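Down below is the structure, laid out as structure tokens.
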Amino acid sequence: KLFPPDLTTIEQLKDNIRQEIQEITQETCENVMKNVFERARICRAARESHLADVIFHT
């Protein structure tokens, strides 16, 4: 949706981004926040080391 084939201007891209942001539900935001807090808890429990299920690219 963000990058349709007929996208020709930066303003169209900005409009598409705004539209997609508007479509994010409260439930999705709540789930993301729960996940962030859970991952932070796991990280702290692991003495601030990397999370095992995350792939880091260097």
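Computed quantities for the displayed model
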read-out: Test result for CYS29, part of a helix (DSSP H, G or I), surrounded by 10 or more Cβ atoms within 10 Å (Cβ to Cβ), at pLDDT 90 or above and of a type outside the set (Ser, Thr, Tyr); value: yes
read-out: Matching residues in segment 1-26 - criterion: being of a type in the set (S, T, N, Q) and either surrounded by fewer than 11 Cβ atoms within 10 Å (Cβ to Cβ) or in contact with a Leu (Cβ under 6 Å, 6 or more places away or on another chain) (or both); value: THR8, THR9, ASN16, GLN22, THR25, GLN26
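The values are calculated or read from the model by the stated rules, or taken from the named source; none is laboratory data. Bear in mind the structure is a predicted one, so any value in this text is a computation, not a measurement. A quick note on method: Cβ atoms are made from the backbone with ideal geometry, for glycine too, and the neighbour counts reach across all protein chains shown.
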